Amino acid sequence: MERLQHNQIIKEQFAKQAVGYSAVKAHGEALSTLIEMSGVHQNDLVLDLACGSGIVSCAFAKHAKHVTGIDITPEMLDQARQLQTQNKLSNMDWVLADVDPLPFMDHQFSIVVTRFSFHHFLAYEKIFEQMVRVCAPGGVVMVVDVAVPASKCSAYDQMEKLRDPSHTGVLTPQIFRHLFSHPLLTDFKTADYKMNISLNTQLAASYMTDENKKKFRQLIYDDIYKNNLGVSASLINNHYELYYPVHIYMATKTKT
């Protein structure tokens, strides 16, 4: 029951965000790094979990044989199809379904990737196992998400849940490293970058009550140059800027 209720919250939240999601410049950052790290080539079959509006899926489709995007929110997949059309990509399909369990065969994909999703999952360990399951031997598993030190998790979650009620909890770099110590994975690699988004842009892209917007603003104001929230809130030329610490994690599935 908890999972069904949570999935409904995700659908409601991202149905609201769907139209404007791809327009937020920060959401398109570092795609080149992700593509380069993956080593994607023209024979790859790619799966993008919780693909949202298709930003990552379409980036991979420009290099891969085929990309499948799976998401639970119909409105997000509508946006993904539009982005596919805009990019004139024919080597893609979209699946409306939950990612737990993944409705795919073992070893079906050579690249299994997800971005900005793990903080929404109630059972991220199970979903990671599903990612490994559907990845072919010799293929790669990639997870991209915000990660903050354990000392900042509580404050970060307080902030993020004001903005997005489908947020379950930010993970730490240590937790991600533990996931990628999976016995079937090897050749672990990581990279990181700061996703810069202005406070006003973040508020405009979110669907909060006026009271929550006020609380969110105050949290940022109080955190300027302190970084208790983990987003390096700064005041630059009279503009409040947030710098989310995004990490890319990748490993190769063993061939034996």
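The values are calculated or read from the model by the stated rules, or taken from the named source; none is laboratory data. Fair warning: this is a prediction, and the values are worked out from it, not measured in the lab. Reconstructed Cβ throughout: ideal geometry from the backbone, glycine too, with neighbour counts over all protein chains shown. The protein model used for the area step is the full one, side chains on, heavy atoms only, and it has no ligands, DNA or RNA in it. Shrake-Rupley method; radii C 1.70, N 1.55, O 1.52, S 1.80 Å.
I need every pair where a residue in segment 44-57 that is closer than 12 Å to Ile72 by Cα has its Cβ under 9 Å from the Cβ of a residue that is of a type in the set (Lys, Arg), sequence separation at least 6 or different chains.
The qualifying pairs are Leu49/Arg115; Ala50/Arg115; Cys51/Arg115; Gly52/Arg115.
Consider segment 159-187. How many of its residues are over 18 Å from Tyr243 (Cβ atoms) and part of a helix (DSSP H, G or I)?
8
Give just the number: which of (1) open to solvent by 60 Å² or more (accessible area, probe 1.4 Å); (2) of a type in the set (Ser, Thr, Tyr); (3) in a helix (DSSP H, G or I) does Tyr156 not satisfy?
Just one mismatch for Tyr156, condition (1).
For segment 1-77, list the helices (runs of 4 or more DSSP H) that sit wholly inside it and hold at least 1 residues that are crowded, with 23+ Cβ neighbours inside 10 Å and not polar (S, T, N, Q); which are they?
Those helices (runs of 4 or more DSSP H) span 2-21, 55-61.
All but one of (1) under 13 Å from Arg163 (Cβ atoms); (2) out of contact with any strand residue (DSSP E or B) (no Cβ under 6 Å at 6 or more places or on another chain); (3) not charged (D, E, K, R) hold for Asn227; state the number of the condition that does not hold.
Failing condition for Asn227: (1).
Pick from Gly20, Gly69, Gly28: which is touching a helix residue (DSSP H, G or I) at 6+ places or on another chain (Cβ under 9 Å), at pLDDT 95 or above and either of a type outside the set (S, T, N, Q) or closer than 21 Å to Val246 by Cα (or both)?
Details: Gly20 fails: at pLDDT 95 or above; Gly28 fails: at pLDDT 95 or above.
Just one listed residue meets the conditions, Gly69.
Of everything in segment 96-125, what is assigned to a strand (DSSP E or B) and over 24 Å from Val24 (Cα atoms)? Give them in sequence order.
Result: Phe109, Ser110, Ile111, Val112.
Looking at (1) outside any loop (DSSP other than H, G, I, E, B); (2) of a type in the set (Lys, Arg); (3) over 27 Å from Glu160 (Cα atoms), which one does Lys88 not meet, given that it meets all the others?
If we test Lys88 against (1) outside any loop (DSSP other than H, G, I, E, B); (2) of a type in the set (Lys, Arg); (3) over 27 Å from Glu160 (Cα atoms), just (1) comes out false.
Please count how many residues of segment 210-223 are open to solvent by less than 80 Å² (accessible area, probe 1.4 Å) and either closer than 14 Å to Lys161 by Cβ or touching a His at 6+ places or on another chain (Cβ under 8 Å) (or both).
Number satisfying all stated conditions: 4.
For Ala61, which of the numbered conditions (1) in contact with a strand residue (DSSP E or B) (Cβ under 9 Å, 6 or more places away or on another chain); (2) closer than 14 Å to Phe116 by Cβ fails to hold?
(2)
Step by step: first the residues of segment 125-143, then only those that are of a type outside the set (Gly, Ala, Ser) and farther than 13 Å from Ala251 by Cβ, then the one that is most open to solvent (accessible area, probe 1.4 Å). Which residue is that?
Checked segment 125-143; the qualifying residue most open to solvent (accessible area, probe 1.4 Å) is Lys126.
Does Phe128 qualify as being assigned to a loop (DSSP other than H, G, I, E, B) and of a type in the set (A, V, I, L, M, F, W, C)?
On the way: assigned to a loop (DSSP other than H, G, I, E, B): no; of a type in the set (A, V, I, L, M, F, W, C): yes.
Taking the combined requirement at face value, the residue does not satisfy it.
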